Amino acid sequence: MSQRKKTAILISGRGSNMGALIAAALKPDYPAEIALVVSNVPDAPGLARAAEFGIATAVVDHKAYPGDREGFERALDETLKGHGIELVALAGFMRLLTPFLVNAWSNRMINIHPALLPSFKGLATHERALEEGVKLHGATVHFVSAEMDDGPMIIQGAVPVLDDDTPQTLGKRVLEVEHQIYPKALALVASGSYRLKGQQVVRTSGTGEREAAAPLINPAD
Ligand code: GRF
């Protein structure tokens, strides 16, 4: 197999998506290797989890760069380069990025967002989905662009919204789908088997799309 892509995961918190990516990358034929986990929060629980897997960890604390977003991002960029990182996966990384870092990692940085973009950008996505009364909700993995929660979408996973859902029950259902789609998206990007057609990410290998084309209807009966 060709070289596995050296990937860094950026986190700010518990790191359950990070865990899903690490688990996927344990398989020898997975096209990415998780080489580094970086957090902007020194005591993020995900850091300890990553270390348990023997993965290198680093902290770049944004609080050390008051009023200097670019200074923070330069430090982050140097950490990534210092570890020979080729791809970056944001997984619950709670900092808005400036064009400096986004451009430096253009087409090499992906993010997971807990909503079916372009709906519900930003925070509190499950609360807002319930308020709006949508019947399908979900998660999106996308390339990072200069706009928040924007950029070409790589994969989406949808779940039904049930009548008695709370933000917590809905969020749990969405998180399960996040853990399924993020490893698939990283594999697609790391293997390079896609091309960009405008804003559309088109797979250049792989089958099964037609088979998976059954509609998801809610309520179903
Ligand atoms: C996830 O819901 C992700 O979509 C969002 O932040 C949350 C992070 O959760 N960007 P975890 O740290 O991966 O458990």
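The values are calculated or read from the model by the stated rules, or taken from the named source; none is laboratory data. The shown structure was predicted, so the numbers you read here are calculated from the model rather than taken from an experiment. Every residue, glycine among them, receives a Cβ derived from its backbone with ideal geometry; neighbour counts consider all protein chains shown. Surface accessibility is based on the protein's heavy atoms, side chains included, excluding ligands, DNA and RNA. Shrake-Rupley method; radii C 1.70, N 1.55, O 1.52, S 1.80 Å.
Worth pointing out:
- Condition check for D165: assigned to a loop (DSSP other than H, G, I, E, B), among the charged types (D, E, K, R) and farther than 29 Å from A75 by Cβ: yes
- Residue under evaluation P219, criteria (1) in contact with a Pro (Cβ under 9 Å, 6 or more places away or on another chain); (2) more than 30 Å from K27 (Cβ to Cβ); (3) in a helix (DSSP H, G or I), criterion not met: (3)
- Those residues of segment 153-194 which are more than 12 Å from the chain's Cα centre (by Cα), aromatic (F, W, Y) and within 14 Å of the ligand (Cβ to nearest atom), in sequence order: none
- Condition check for G92: out of contact with any Phe, Trp or Tyr (no Cβ under 9 Å at 6 or more places or on another chain), within 18 Å of V177 (Cβ to Cβ) and not assigned by TED's automatic domain parsing to the domain that holds N218: yes
- Exactly one residue out of E33, E70, E52 is within 19 Å of S106 (Cα to Cα) and open to solvent by 60 Å² or more (accessible area, probe 1.4 Å), and it is E70.
- The criterion of being open to solvent by less than 40 Å² (accessible area, probe 1.4 Å), farther than 16 Å from V201 by Cβ, under 16 Å from the mean Cα position of the chain (by Cα) and within 16 Å of the ligand (Cβ to nearest atom) holds for G122.
- Only listed residue being open to solvent by less than 30 Å² (accessible area, probe 1.4 Å), more than 13 Å from the ligand (Cβ to nearest atom) and not β-branched (V, I, T), chosen from L101, L136, L117: L101
- Residue that is more than 26 Å from L188 (Cβ to Cβ) and in a loop (DSSP other than H, G, I, E, B), where the choices are L123, L47, L116, L96: L123
- In segment 83-98, the residues that are open to solvent by 70 Å² or more (accessible area, probe 1.4 Å) and without any contact (Cβ under 8 Å) to a residue 60 or more places away in the chain: L96
- Of everything listed in (1) in contact with an Asp or Glu (Cβ under 9 Å, 6 or more places away or on another chain); (2) more than 16 Å from the ligand (Cβ to nearest atom), the single unmet condition for V41 is (2).
- First in segment 1-24 and in a loop (DSSP other than H, G, I, E, B), second anywhere and within 7 Å of the ligand (Cβ to nearest atom), Cβ under 6 Å, 6 or more apart: S12/G92; G13/G92; R14/G46; G15/G46
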